[in-house]
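The values are calculated or read from the model by the stated rules, or taken from the named source; none is laboratory data. Just so we're clear, the structure is a prediction, and the values are computed from it rather than from any experiment. For neighbour counting, all protein chains shown are included, and Cβ atoms are generated from backbone atoms with ideal geometry for every residue, glycine included. Heavy atoms of the whole protein, side chains included, go into the accessibility calculation; ligands, DNA and RNA do not. Shrake-Rupley method; radii C 1.70, N 1.55, O 1.52, S 1.80 Å.
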Amino acid sequence: MLSHHQMISRRLLLSIAGVTVLSTGACGPPAGNPSDASHSGPPSDTLPSAAKPDGAPGAHPAPAASRTGSPAANTPGPPPGPAKPQPVTDPLLELDASERTIALTLDDGPHPTHTPVVLELLRSHGIRATFFLIGENAAEYPALVRAIAGEGHHIGNHTWTHPDLRHLPEPQVHDELERTSDLLQGLSGRPVTWFRAPGGDWADVTLRVCAELGMRPMGWSVDPRDWDRPGTAQITSRVLEGVRPGSIVLNHDGGGDRSQTVDALHTYLPALLADGYRFTTPQ
Ligand SMILES: [Zn+2]
C-alpha cells in the first residue's frame with residue numbers, strides 16, 4: 001500500500017514539475033466524518049439571511065464560473081443533469097502563478113456550527129472559496145448547501161461518506177461520487193465540476209470515475225494540517241509561510257471541532273489580502 005501511495009505521489013509531483021506538494025494523511029482520517037452532535041438547535045437558525053435556493057426560478061446568482069456544461073442552468077425547473085464526462089487528468093495542485101492569486105478550499109462540511117461563521121467571514125472580506133462537501137452532511141444540512149451556493153462559492157464533491165477510496169471496488173467508488181454529485185446538483189442547481197478524494201488519496205480508479213462523472217480532481221499545495229488541531233497560531237503561521245502566488249490552500253470547516261481553523265481564518269485572510277493576494281475559485 002505504501003509503495004502504491006508513493007507511486008501516486010511521485011506521479012503528482014512529476015505532473016507539476018518544481019512544485020512541492022502533498023503531505024499524506026491530510027484532510028483528516030477517513031473516520032473523521034462530522035459526527036459530533038454538539039450543535040444545538042436546527043441549522044437553519046444560523047443561516048445567513050442571504051441564503052436562498054439557488055435553483056429557484058429567477059433567483060440564480062449566475063457566477064460565471066460554474067456554467068460549463070450546464071445549458072439548463074438558467075432555466076427554471078428541475079436541476080441540470082450531471083456535468084459532461086471529462087478527460088482523465090492528474091489532480092490540480094496549484095493555479096497559474098503569474099498573478100498574485102490563490103484559492104481557499106474548505107473540506108468536510110457542511111457543519112452546522114462552523115460553516116455559517118465561515119460564510120459570514122468570507123462575505124465580510126468579499127472572498128469566494130470552494131467547499132468540498134461530504135454527501136451525508138449535505139443531506140443532513142441542505143439549507144447550508146443552498147447558503148454556500150447562494151453566496152457564490154463553488155461546491156465540490158468530497159464523496160458521500162468520506163471513505164478511503166483506494167480500498168473500495170469501482171462500483172462503490174462510483175456510487176460514493178455519483179450519489180454526492182446528484183444531491184449537490186439538486187440543492188445548488190449547478191453541475192458539480194470538481195472532486196477531491198478524502199485524504200488526497202488518489203487512485204487510478206478514482207481519477208477515472210471522477211472524469212466519467214464530469215468532474216476534475218483538485219488537490220492542494222498548502223496544508224496547515226488544521227484537521228489535527230495544532231493550535232490557531234500554528235494553522236495561521238503555516239498558511240502565511242506556505243502561501244505563494246497560485247497556491248491552493250486546504251482548510252476544514254467540518255469533520256469535528258474546527259474552531260481553531262475558524263479563528264485562524266479570521267487572522268490570515270485579512271493578512272493575505274493586505275499582502276496583495278486575491279482569492280479565486282478554480283475554473
Ligand atoms: Zn476530507
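Quick one: what do you get for segment 73-188 if you divide its Cα Rg by 2.2 N^0.38 Å? Don't skip to the end; give the middle numbers.
Numbers: Rg = 15.2 Å, N = 116, 2.2 N^0.38 = 13.4 Å.
Compared with the compact-globule rule of thumb, segment 73-188 sits at 1.14.
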Enumerate the calculated ³J(HN,Hα) couplings along segment 177-184 in order (Karplus 6.51 cos²θ - 1.76 cosθ + 1.60, θ = phi - 60°), each rounded to whole Hz, writing x wherever the residue is Gly or Pro. 7, 5, 4, 5, 4, 4, 5, 5
Check: segment 203-246 dipole with +1 on Lys, Arg Cβ and -1 on Asp, Glu Cβ, in debye: 80
As computed over segment 128-266, the Cα convex hull volume per residue (Å³): 111
If amide hydrogens are placed 1.01 Å from N in the peptide plane, which non-local residues have theirs closer than 5 Å to the one on Asp108? Phe132, Ile134
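Using the heavy atoms of the protein chains and a 1.4 angstrom probe, tell me the accessible area per residue for segment 167-283 in square angstrom.
Details: 4040 Å² over 117 residues.
With all protein chains present, segment 167-283 gives 35 Å² per residue.
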Taking segment 194-283, the equivalent ellipsoid from its C-alpha gyration tensor has semi-axes in Å, biggest first, of 26, 17, 10
Can you bin every Cα-Cα distance in segment 206-254 into 5 Å intervals starting at zero and give me the percent of pairs per bin, rounded to whole numbers? 4, 19, 22, 17, 15, 11, 9, 4, 0
With the charge dipole of segment 119-183 built from beta-carbon charges (+1 for Lys and Arg, -1 for Asp and Glu) about the Cα centre, the Cα from Ala129, Thr159, Ala139 projecting farthest to the positive end belongs to Ala129
Report the residues of segment 247-270 in range of a label on Arg278: point 7 Å along Cα→C-beta, backbone N strictly under 19 Å from it. 247-249, 269-270
